[in-house]
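Trainee: After the structure tokens below, expect a handful of questions from me.
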Amino acid sequence: MQITFETKPYPTLETEALVTYVFEESDPIQARVADLDRAAGGLLKKLTTSGELTGRTLEFTLLHAPAGLKAERLLLIGAGKRDQFSVATLRKIAGAAARSLKGKSVKNFTFLPNEGLSAEDAAQAIAEGLITGDFETDKYKTDKKSDKRIDSVSLVGFSDSEKPAAEKGLNRGQIIAESQNFTRDLVNEPSNKLTPRILAEKAEAMAREAGLAVDILDEKRIADLKMGALLSVAQGSVEPPRLIVVTYTPAKVKDDAPVIGLVGKAVTFDTGGISIKPADGMEKMKYDMAGGATMLGVMRALAALKPNVKVIGIVPATENMPGGKAQKPGDIQTAMSGKTIEVLNTDAEGRLILADAVHYAKQLGATHLVDAATLTGAIVVALANINVGVFGSNQEWTDKLLGAARATGEKMWQLPMDDEYRELIKGSFADIQNIGSGKGGGSITGAWFIREFAGDTPWIHLDIAGTAWNDDAKPWLAKGPTGVSLRTLIHLVSTF
Ligand code: BES
Ligand code: ZN
Ligand code: ZN
């Protein structure tokens with residue numbers, strides 16, 4: 001999709017559609033919409049009087065051949081209350097505009113932002129919304145909806161003095177949204193098309209294209225490093241595991257500067273192993289690599305955005321399969337760190353592979369850690385599919401992440417990590433066990449397990465099991481992979 005700026009007055013533009021948004025106020029005909037109403041000879045005022053146009057969030061009003069405008073259509077989208085308006089709302093509006101118009105076979109349209117945000121923030125949010133909204137998950141359909149793609153959007157209404165900031169925002173938004181779609185594309189792949197080896201190949205290709213350093217560890221190197229926890233999950237599958245390491249190094253960096261380690265769970269399919277999952281819904285477990293795909297998407301964006309901090313992306317990739325060689329409940333494994341683990345449930349495999357990856361991240365020099373993982377079904381019980389679960393060992397570092405989440409409009413919620421929960425994963429026959437004893441707190445005990453391997457290094461765990469996959473399409477996003485937490489992590493690194 002091409003996104004460009006257009007300086008001609010919008011009433012004179014020949015376009016398939018002119019899109020803008022309206023705030024929910026006693027008189028929605030305000031700011032830019034008042035100008036538009038004048039250009040259209042009072043057409044909008046009539047609609048507010050009749051109650052058809054209220055500005056309620058994502059209300060759609062589509063007018064054909066609007067008087068006074070050269071546009072074929074005028075699409076007005078409700079933006080909700082002005083004092084609650086944010087980049088998140090604008091992103092959804094832009095995404096919903098793209099999705100609804102392409103459903104009507106529109107290929108090129110014009111977007112007029114209303115007031116309420118800086119030029120830079122507005123342009124970034126619009127670009128993000130348009131590009132993520134245009135993404136479809138029909139790669140394997142012969143009758144593709146993707147044939148219905150938006151070719152170009154022109155942005156109007158930015159003054160000459162706003163232009164440089166708007167251009168900056170547009171560029172940033174394009175990089176972030178394309179990286180988010182890169183992540184979503186990986187998550188959408190079924191497990192027969194995305195084995196750990198194929199994921200590693202794709203990561204390597206991305207890194208080379210983006211100009212990032214990359215190291216792919218095969219099963220032999222993983223064994224040489226004594227990553228017993230990762231290997232224990234992989235041993236049930238004929239597909240060998242991979243450990244993907246992608247590194248971004250800024251042009252100027254001091255030897256003792258901090259290094260951020262981004263660790264992402266990539267179980268390309270989670271059957272549960274010998275503690276096998278029920279058949280119903282198991283097909284969804286192809287998205288159990290969403291954490292890893294997120295970190296790869298973040299690295300892709302960082303290569304272009306060039307922040308001032310070194311970042312290492314570490315993605316342990318494996319299948320979790322039952323089989324003659326699979327690990328069994330009660331087996332005791334030794335992680336790379338030397339800690340022994342009693343595997344009471346082979347379906348709690350994410351924490352096992354993250355244990356070794358987090359330890360390796362520290363060995364590579366990470367001073368600050370974030371992991372992202374589709375770790376527990378329990379997080380869906382706690383937060384539904386609304387909020388990402390956040391767990392941290394250091395409140396200052398965790399607050400930075402929560403701030404980044406707020407700034408980008410991704411919903412995240414911190415859960416407690418009291419020492420009492422740690423007691424629940426104390427092992428009977430080894431140092432620790434991979435599930436909590438007793439009932440409840442499943443997401444917290446999962447987080448505590450990973451924390452054991454982060455030690456004193458400030459660490460955050462994001463449980464994205466409930467939020468990485470949309471079971472239903474949203475007006476602004478296709479059904480399926482969301483790419484959640486990528487924007488927050490990019491913001492966190494960029495403002496470090
Ligand atoms: N990949 C699953 C978690 C999951 C569940 C992701 C639902 C997405 C949707 C994870 O490996 C898992 O199976 N966790 C177990 C842990 C339990 C055995 C302690 C779970 O949540 O049931
Ligand atoms: Zn599992
Ligand atoms: Zn899993």
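Trainee: Would you tally the net charge around A40, using a Cβ to Cβ cut-off of less than 13 Å, leaving A40 out, and scoring K and R as +1, D and E as -1?
Mentor: Values: positive: R32, R38, K45, K46, K70, R73; negative: D35, D37.
Around A40, the charge tally is +4.
Trainee: Relative contact order of the stretch 210-300, please, whole-number percent, based on alpha carbon pairs below 8 angstrom and at least 6 residues apart. Walk me through the numbers on the way to the answer.
Mentor: On the way: 82 pairs, mean separation 26.0, N = 91.
About 29 percent, as a whole number.
Trainee: Something else about it: So what's the back-of-envelope 222 nm ellipticity for the chain, counting only DSSP H runs of four-plus at -39500 (n - 2.57) apiece and dividing by all residues, rounded to 500?
Mentor: Details: 15 runs with 179 residues, N = 496.
It comes out at -11000 deg cm²/dmol, rounded to the nearest 500.
Trainee: How compact and how long is the stretch 119-229, expressed as Rg and Dmax of its alpha-carbon atoms in Å?
Mentor: When restricted to the Cα atoms of the stretch 119-229, Rg and Dmax are 19.1, 60 Å.
Trainee: Keeping every protein chain in place, order K284, K46 by accessible area at 1.4 Å, biggest value first, i.e. largest first. Walk me through the numbers on the way to the answer.
Mentor: Numbers: K284 60, K46 140 Å².
Final ranking, largest accessible area leading: K46, K284.
Trainee: Considering only DSSP beta bridges with both partners in the chain, what is the antiparallel share in %, to the nearest 5? Don't skip to the end; give the middle numbers.
Mentor: Numbers: 29 of 68 bridges.
Of the beta bridges lying entirely in the chain, close to 45 percent run antiparallel.
Trainee: Accessible area per residue for the stretch 401-479 in Å², computed with a 1.4 Å probe and the full protein assembly in place, what is it?
Mentor: Numbers: 3560 Å² over 79 residues.
I get 45 Å² per residue for the stretch 401-479.
Trainee: So, taking all protein chains as they sit and a 1.4 Å probe, how much accessible area belongs to Y140, in Å² rounded to tens?
Mentor: Probe radius 1.4 Å; accessible area of Y140 about 110 Å².
Trainee: For the chain, which DSSP H helices look membrane-span-like by this rule: Cα extent along the axis of 18 Å or more and mean Kyte-Doolittle of at least -0.5? Don't skip to the end; give the middle numbers.
Mentor: On the way: long enough: 87-102 (23 Å, 0.41); 119-134 (22 Å, 0.17); 163-188 (36 Å, -0.76); 196-210 (21 Å, -0.39); 290-305 (22 Å, 1.38); 350-363 (20 Å, 0.10); 395-408 (19 Å, -0.61); 442-454 (19 Å, 0.54).
Membrane-span-like by this rule: 87-102, 119-134, 196-210, 290-305, 350-363, 442-454.
Trainee: Express the carbon and sulfur contribution to the solvent-accessible surface of the chain as a percent, rounded to the nearest whole number, probe 1.4 angstrom.
Mentor: Working: 9760 of 19990 Å².
With neighbouring chains kept in place, the figure for the chain is 49 percent.
Trainee: Another question, if that's okay. Please compute the Cα-Cα pair-distance distribution of the chain with 20 Å bins starting at 0, giving whole percents from short to long.
Mentor: 24, 50, 22, 3
Trainee: Using a cut-off of 13 Å between alpha-carbon atoms, which aspartates and glutamates can reach K339, once sequence neighbours fewer than 8 places away in the same chain are excluded?
Mentor: Qualifying aspartates and glutamates at Cα under 13 Å: D356, D431, E452.
Trainee: Next up: Charges on Cβ only, +1 for Lys and Arg, -1 for Asp and Glu, centred on the Cα centroid of the chain; of L352, T49, Y10, which one is farthest towards the dipole's positive end?
Mentor: Y10
Trainee: Hey, another quick one. Please tell me the relative contact order of the chain in percent, rounded to the nearest whole number, where contacts are Cα pairs under 8 Å and at least six residues apart.
Mentor: This gives 15 percent for the chain.
Trainee: A further question on this structure: From the residues F449, V484, Y421, which one has its Cα farthest along the dipole of the stretch 395-496 in the positive direction, the dipole being from +1 and -1 charges on Cβ of Lys/Arg and Asp/Glu about the Cα centre?
Mentor: Going by the charge dipole, the pick is V484.
Trainee: Give, rounded to the nearest 20 debye, the magnitude of the charge dipole that the chain has about its Cα centre when Lys and Arg contribute +1 at Cβ and Asp and Glu contribute -1 at Cβ.
Mentor: Numbers: 58 positive and 62 negative charges, 154 e Å.
Roughly 740 debye, rounded to the nearest 20.
Trainee: List the chymotrypsin sites (Phe, Trp or Tyr not before Pro) within the stretch 427-477 that fall in a DSSP loop (any state other than H, G, I, E or B) and whose Cβ has at most 11 other Cβ atoms within 10 Å.
Mentor: Values: sites: F429, W448, F449, F453, W459, W469, W476; in loops: F429, W476.
Those that pass, being in a loop and sparsely packed, are F429.
Trainee: For each pair in K144/K277; K141/K202; K193/K277, compute the distance between the two Cα atoms and list the pairs where it is over 24 Å. All intermediate terms of the calculation are to be shown ahead of the outcome.
Mentor: Numbers: K144/K277 32 Å; K141/K202 21 Å; K193/K277 21 Å.
The answer is K144/K277.
Trainee: Right, another one. Among the lysines, select those whose C-alpha is under 23 Å from the C-alpha of K411, and discard any that sit fewer than 8 residues away in the same chain.
Mentor: K81, K92, K265, K284, K400, K474, K479
Trainee: Still on this structure, I have one more. Over the stretch 411-496, what is the relative contact order in whole percent, taking alpha-carbon pairs under 8 Å and six or more residues apart? List each step's numbers first, then the result.
Mentor: Numbers: 62 pairs, mean separation 14.3, N = 86.
Relative contact order for the stretch 411-496 comes out at 17 percent.
Trainee: For the stretch 227-367, restrict the atom set to alpha-carbon positions and state the Rg and Dmax in Å.
Mentor: 16.4, 52
Trainee: Provide, for q = 0.12, 0.13, 0.17, 0.25 Å⁻¹, the log10 of I(q)/I(0) from a solvent-free Debye sum over equal Cα point scatterers in the stretch 72-163.
Mentor: With one equal scatterer per Cα and no solvent, log10 I(q)/I(0) is -0.40, -0.46, -0.74, -1.34.
Trainee: Enter the accessible area per residue of the stretch 241-328 (Å², integer; probe 1.4 Å; all protein chains in place). Don't jump to the answer; show the numbers that get you there.
Mentor: On the way: 3180 Å² over 88 residues.
Computed with neighbouring chains in place, this is 36 Å² per residue.
Trainee: Mind checking the per residue accessible area of the stretch 1-143 for me, 1.4 Å probe, whole number of Å²? All intermediate terms of the calculation are to be shown ahead of the outcome.
Mentor: On the way: 6050 Å² over 143 residues.
Per-residue value: 42 Å².
The values are calculated or read from the model by the stated rules, or taken from the named source; none is laboratory data. This one's a predicted model, so the numbers in the text were calculated from it and none came from an experiment. Ideal geometry is used to build each Cβ from the backbone, glycine not excepted, and the neighbour counts take in all protein chains shown. Accessible surface areas use protein heavy atoms only, side chains included; no ligands, DNA or RNA. Shrake-Rupley method; radii C 1.70, N 1.55, O 1.52, S 1.80 Å.
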